[in-house]
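The block underneath contains the structure these notes are about, expressed in structure tokens.
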Amino acid sequence: KMTRILKPLALSLAIFFLAGCSSSQKIIEAVDNERAIVNECKNSNINVELDCYDLIAHKNTIAQLRLGINAKYKGNFTEAKDRYEIAKKQKNFYANALLADLYVNGFGVEMDEKKAISLLKETRKSDPIAAYKLAMFYLLDNDVSDAISLLEFAGENGVKDAQKQLVIIYSNGQYVDPDFDKNSYWQSKLDENNRDFTKEIYGR
């Protein structure tokens, strides 16, 4: 009887897992499509660029994020938070790292490091920027293994700050023994092009 019960349960879990993977992939593809569209707004005149974001923000969550970032730069933290939360509700996983920044610094919200870490953990597997920022918390707690794993994920996906941190980690001996091969690998990643994934998402 137990075997009869477990088999359908295992099948249900497998179907649920596959459905979850499929759903996550669709979200990633949708956000990537939004990024391609929003990049058509790029302009040497920042005001023209922002106006373009504003025109499409109702249907483009990357535009919402970039408008929120601009609001944050101007000190309009409430607007920034509102825009990030709109994007998050529409399943843009890049919003979490931006919301986490507000909670870390107490910008427009009560400072709450636990909330920030929770937000980063939610999206660490899909957002290399969140992975990098969470890794820095882990380093502070001396959770070196998990930190390096997150940094390498972020670094392989073009987050320059993560690549820089790995160059330091593998050279100064603070967290792990110096490793010339790994140091050279991450230095070459850092030097190979000007691509910075963070700027690709945030727009600047």
From the square roots a ≥ b ≥ c of the eigenvalues of the alpha-carbon gyration tensor of the stretch 25-99, which class results: rounded (a/c under 1.5), prolate (a/b over b/c), or oblate?
-> oblate
Roughly speaking, what % of Cα-Cα pairs in the stretch 91-137 are separated by over 15 Å, rounded to a whole number?
-> 31
Expressed per residue, the solvent accessible area of the stretch 58-189 in Å² (1.4 Å probe) is about 49
Give the Rg (one decimal place) followed by the Dmax (whole number) of the stretch 63-176, computed from C-alpha coordinates and expressed in Å.
-> 14.5, 43
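If a helix is a whole DSSP H run, which ones in the chain reach 20 Å or further along their own axis (Cα) and hold a mean Kyte-Doolittle hydropathy of at least -1.0?
2-38
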Quotient of Cα radius of gyration and Kirkwood radius for the chain, i.e. Rg/Rh, equals 1.05
Using mean Cβ contacts within 10 Å as the protection proxy, how do 105-114, 81-90 order, highest first?
-> 81-90, 105-114
The Cα radius of gyration of the stretch 118-192, divided by 2.2 N^0.38 Å with N its residue count, comes to 1.02
Gaussian network model of the chain, Cα springs within a sub-10 Å range: biggest mean-square fluctuation belongs to which of 28, 46, 56?
-> 46
The chain, helix-only ellipticity at 222 nm - DSSP H runs n ≥ 4, -39,500 (n - 2.57), divided by all residues, nearest 500 = -24500 deg cm²/dmol
For the stretch 52-129, the accessible surface attributable to carbon and sulfur atoms (probe 1.4 angstrom, ligands and nucleic acids excluded) amounts in percent to 48
Can you give me the Cα centroid spacing of the stretch 131-186 and the stretch 55-117 in angstrom?
-> 26
Run down the aspartates and glutamates and flag those whose C-alpha is under 19 Å from the C-alpha of residue 89, throwing out any fewer than 8 positions away in its chain.
-> 29, 32, 34, 54, 79, 101, 122, 127
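The values are calculated or read from the model by the stated rules, or taken from the named source; none is laboratory data. What you see is a predicted model, and the numbers here were worked out from it, not measured in a lab. Ideal geometry is used to build each Cβ from the backbone, glycine not excepted, and the neighbour counts take in all protein chains shown. Heavy atoms of the whole protein, side chains included, go into the accessibility calculation; ligands, DNA and RNA do not. Shrake-Rupley method; radii C 1.70, N 1.55, O 1.52, S 1.80 Å.
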